[in-house]
Structures are given as structure tokens and as C-alpha cells.
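Trainee: Below you'll find the structure I mean.
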Amino acid sequence: MKFRRSERLIDMTNYLMDHPKELVPLTYFAEKYGSAKSSISEDLGIIKETFEQRGIGILQTVPGAAGGVKFHVHASDEEAKELIKELVEIMESPERLLPGGYLYMNDILGDPSIVKRVGRVIASAYAGPAIDFVMTVATKGIPIAYAVAGLLNVPVVIVRRDPKVTEGSTVSINYVSGSSKRIQTMVLSKRSLPQGSRVLIVDDFMKAGGTVNGMVNMLEEFNARVAGIAVLVESENIEERLIDDYLSLVRLSDVDVKDRKITVSEGNYFSRK
């Protein structure tokens with residue numbers, strides 16, 4: 001079946017965006033559409049230019065007989081600023097206050113459109129480094145971890161508080177919670193991570209960084225390497241931060257329960273990405 005150029009462009013764009021960071025040989029498209037490689041190259045040139053102009057992503061050309069093209073997600077600074085500004089406005093609503101000074105976040109983490117945009121912005125910051133897995137702990141950060149992993153085209157590894165019989169034998173470590181100073185436990189299946197894996201840690205909220213630091217220690221048990229740490233929200237007023245090198249989108253500066261005022265600002269995304 002012969003495809004028209006307009007049909008090829010739509011289908012190729014869809015395929016590339018569904019397979020980020022995957023090397024796709026030109027021969028794959030040439031055989032799929034029954035077209036010459038020269039025509040495919042011209043099509044890819046159009047897609048590459050459009051991606052870059054619209055801030056969709058970057059189309060990398062890999063030369064050589066075994067070469068091809070790779071799509072890398074890219075969020076522009078304007079896109080990131082718009083998202084962060086929106087998150088700040090949403091989180092400053094006094095209606096989010098819960099007893100004890102906690103904030104209600106379920107609606108944000110349950111909104112597919114917001115989570116997808118958060119995933120794009122974080123994945124864009126780590127589109128360059130080689131990453132094998134995205135890791136998170138079994139809490140509300142799971143949606144964000146999957147959004148990021150989908151755009152980096154890597155599996156998600158979930159650290160749990162308690163072992164599950166369906167995960168087989170596990171590795172268990174104790175860690176100290178940064179905020180409460182309590183000793184807690186986290187476990188991970190031995191089959192989850194191959195030795196030497198490069199892992200991006202993603203979480204929804206970080207206070208002193210005890211949970212994130214626990215995941216860092218867990219990676220050491222697997223001889224795995226931390227490729228980066230990214231959180232949606234960080235708490236600013238912390239006496240001792242256990243994690244120094246991380247990326248955050250939003251910073252929670254203060255929660256005034258009496259006056260029902262929440263102070264939120266831009267995180268360190270633009271200075272750390």
C-alpha cells in the first residue's frame with residue numbers, strides 16, 4: 001500500500017512520539033511505507049523542524065549503516081514556567097489546608113493533564129543522560145513516575161514499605177525519616193534492578209529528604225547509580241536537608257494554619273536542570 005506524504009508525516013510523528021529515545025532505522029519507515037530512503041529523510045526533516053519550532057521535542061539523527069533517528073522529549077522554558085506558575089496558584093488555595101498543616105494534593109496528582117505536563121517537564125530535564133529506570137516509593141508519586149518513565153521509555157521501579165508475596169525475595173533496608181527522625185523500613189524486589197543500573201528517583205513531595213535518601217541507600221544495595229533526583233514539591237523551611245543535589249518544580253515556603261495562608265513559589269528547576 002502506497003502512502004501519501006501527508007499520511008506518512010502523521011503516522012511517523014505518532015510512531016516517534018510513542019517510542020521516545022528509541023533508535024528507529026530509516027529502513028523501518030522505508031519498508032513500512034514502500035518509499036525510498038531519500039523520501040523518508042525529507043519527511044523526517046519536516047518533522048524535525050516542526051518539533052523544534054513548536055517545542056515538542058528534538059529529533060536526533062544517528063549516522064551510519066546502523067543509524068536512524070531518535071525522538072527526545074523537550075519542554076521549552078515557556079512551557080515549564082507556565083506549568084510552575086499554574087501549580088503555584090493552585091497550591092496557594094486556602095481550601096487545600098488539612099488538619100495538622102498538611103496540604104490536599106490528590107486532585108493534582110489525580111489530574112491526567114497536570115501529571116502529563118509535569119512528566120514532560122521533568123523528563124525534558126533528564127532527556128540527555130542515559131537512564132535505565134525511574135524509581136519512586138509506593139505513595140502518591142507513582143503517577144508522576146509513570147509519566148516521566150513513559151517519556152524516557154524506561155521501566156518504573158516501586159519501593160514499598162512492606163514486602164509483597166508477588167514480588168518474590170526482596171532487599172530490605174532501614175532508614176531515618178528526615179522530618180520525624182523515626183526509623184522506617186523500605187523493601188525492593190531483588191528482580192527489580194540489574195547491577196549497575198542508572199536510576200532517576202522521582203517523588204511527589206520532599207521535606208528533609210529522608211525517604212529519597214532511603215532510596216539512594218537502596219540503590220547502593222543493587223550497585224546501581226543515581227542518575228538524578230526530581231520532586232514535584234519541596235518544603236523550604238527545613239533545618240537539615242539530607243539531599244543536596246535534586247530538582248524541584250515548586251517550593252512550599254510556609255503554611256500558616258491560623259491565617260489559612262499557604263506560601264508557594266518556584267522551585268529550583270531552572271537553576272538545576
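Values in this text are rule-based calculations from the coordinates and carry no lab data. Predicted, not measured: the structure shown is a model, and the values here were computed from it. Here the Cβ is made from the backbone with ideal geometry for all residues, glycine too, and neighbour counts use every protein chain on show.
Trainee: Calculate, in nm to one decimal, what Asp18 and Glu42 gain on full extension: separation in residues at 0.36 nm each, minus their alpha carbon distance.
Mentor: Result: 6.6 nm gained on full extension.
Trainee: Distance from a point 7 Å along Cα→Cβ of Asn268 to each backbone N in the stretch 102-138: keep the residues under 17 Å and list them by number.
Mentor: Taking a point 7 Å out along Cα→Cβ of Asn268, the residues of the stretch 102-138 whose backbone N falls under 17 Å are 122, 125-126.
Trainee: Just to be sure I understand the curve: with the Debye formula and one point per C-alpha of the stretch 89-158, what is log10 I(q)/I(0) at q = 0.20, 0.23, 0.26, 0.28 Å⁻¹?
Mentor: -0.84, -0.99, -1.13, -1.22
Trainee: Continuing with the same structure: Output the Cα-based Rg and Dmax of the chain in Å, rounding Rg to one decimal and Dmax to a whole number.
Mentor: 21.2, 70
Trainee: Can you give me the convex hull volume of the Cα atoms of the stretch 148-273, divided per residue and expressed in Å³?
Mentor: Enclosed volume per residue, from the Cα hull, is 134 Å³.
Trainee: Can you give the translational diffusion coefficient of the stretch 210-260 in µm²/s, computed by Stokes-Einstein from the Kirkwood radius over Cα pairs at 10 °C and 1.306 mPa s?
Mentor: It diffuses with D of about 124 µm²/s by this estimate.
Trainee: Additional query: Can you tell me the dipole magnitude for the chain around its Cα centre, using point charges on the Cβ only (Lys, Arg +1; Asp, Glu -1), in Debye to the nearest 20?
Mentor: Once rounded to the nearest 20, the dipole reads 720 debye.
Trainee: List the relative contact order of the stretch 163-204 as a percent without decimals, with contacts defined as Cα pairs under 8 Å and 6+ residues apart.
Mentor: Relative contact order of the stretch 163-204: 34 percent.
Trainee: Would you list, by chain and number, the aspartates and glutamates whose Cα falls below 20 Å from the Cα of Lys164, excluding same-chain residues fewer than 8 positions away?
Mentor: Leaving aside aspartates and glutamates fewer than 8 places away in the same chain, those within reach of Lys164 are Glu221.
Trainee: Can you list residues from other chains, or at least 5 along the same chain, whose modelled amide H is less than 5 Å from the amide H of Val62?
Mentor: Gly68, Val69, Lys70
Trainee: A further question on this structure: About the Cα centre of the stretch 21-135, how large is the charge dipole given +1 on each Lys and Arg Cβ and -1 on each Asp and Glu Cβ? Please answer in debye to the nearest 20.
Mentor: Details: 12 positive and 17 negative charges, 79 e Å.
Charge dipole of the stretch 21-135: 380 debye, to the nearest 20.
Trainee: Still on this structure: What does the stretch 1-81 give for Rg and for Dmax, in Å, if only its C-alpha atoms count?
Mentor: Just the Cα atoms of the stretch 1-81 yield Rg and Dmax of 12.9, 45 Å.
Trainee: Under a straight-distance cross-link criterion of Cα-Cα below 15 Å, which aspartates and glutamates are reachable from Lys32, leaving out those fewer than 8 residues away in the same chain?
Mentor: Glu7, Asp11, Asp43
Trainee: Picking from Pro112, Pro99, Pro163, which is most flexible by a Gaussian network model of the chain using Cα springs under 10 Å?
Mentor: Judging by the Gaussian network model, the answer is Pro99.
Trainee: Another question, if that's okay. Give a residue-ordered list of calculated ³J(HN,Hα) values for the stretch 225-238 (Karplus: 6.51 cos²θ - 1.76 cosθ + 1.60, θ = phi - 60°; whole Hz; x for Gly, Pro).
Mentor: Using θ = phi - 60°, the values come out as 10, 7, 8, x, 9, 9, 10, 6, 10, 10, 8, 7, 7, 10 Hz.
Trainee: What percent does the relative contact order of the chain come to when contacts are Cα pairs within less than 8 Å and at least six residues apart? Can you show the working numbers first?
Mentor: Values: 496 pairs, mean separation 38.2, N = 273.
Answer for the chain is 14 percent.
Trainee: Next up: Measuring from centroid to centroid over Cα atoms, what is the spacing of the stretch 149-216 and the stretch 1-20 in Å?
Mentor: Value for the Cα centre distance between the two parts: 38 Å.
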